[in-house]
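Shown next, in structure tokens, is the structure this report addresses.
The values are calculated or read from the model by the stated rules, or taken from the named source; none is laboratory data. Please read all numbers here as calculations on a predicted model, not as lab measurements. Please note: Cβ atoms are built from the backbone with ideal geometry, for glycine as well, and neighbour counts cover all protein chains shown.
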Amino acid sequence: MGVCVKKIWTIAFIILVLLIGIKIGGKANYDSFNNDLFENEKERFETEIVDPNNSYENIDLRPKEYLPNKVAKTINNILEKILKKLT
């Protein structure tokens, strides 16, 4: 009976962690922001590139490092280390 309860609590904890992760990821709506930014810059590029003077200057638009990205990279690194030790 004790082992079964322990398994249920472990599964419930894993589900809780996954739901919290989904909730954190759901709050960040970076995809639409990045998509709008891309479309705006694409339109600006297309108008400048057809200019006979061709005076287009490249702008660095790398995405900022957000908390979900940092957490995902950290988890990925941990999982890779675990898998390397297992193989």
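If I filter segment 5-31 down to residues being of a type in the set (Gly, Ala, Ser) and part of a helix (DSSP H, G or I), which single residue comes out as modelled with the lowest pLDDT?
Only one residue tops the list, namely Gly26.
Using beta carbons and a limit of 8 Å, which pairs, at least six apart or on different chains, have the first residue in segment 72-87 and loosely packed, with under 10 Cβ neighbours inside 10 Å and the second one of a type in the set (Gly, Ala, Ser)?
Taking only residues 6 or more apart or on different chains, not a single pair turns up.
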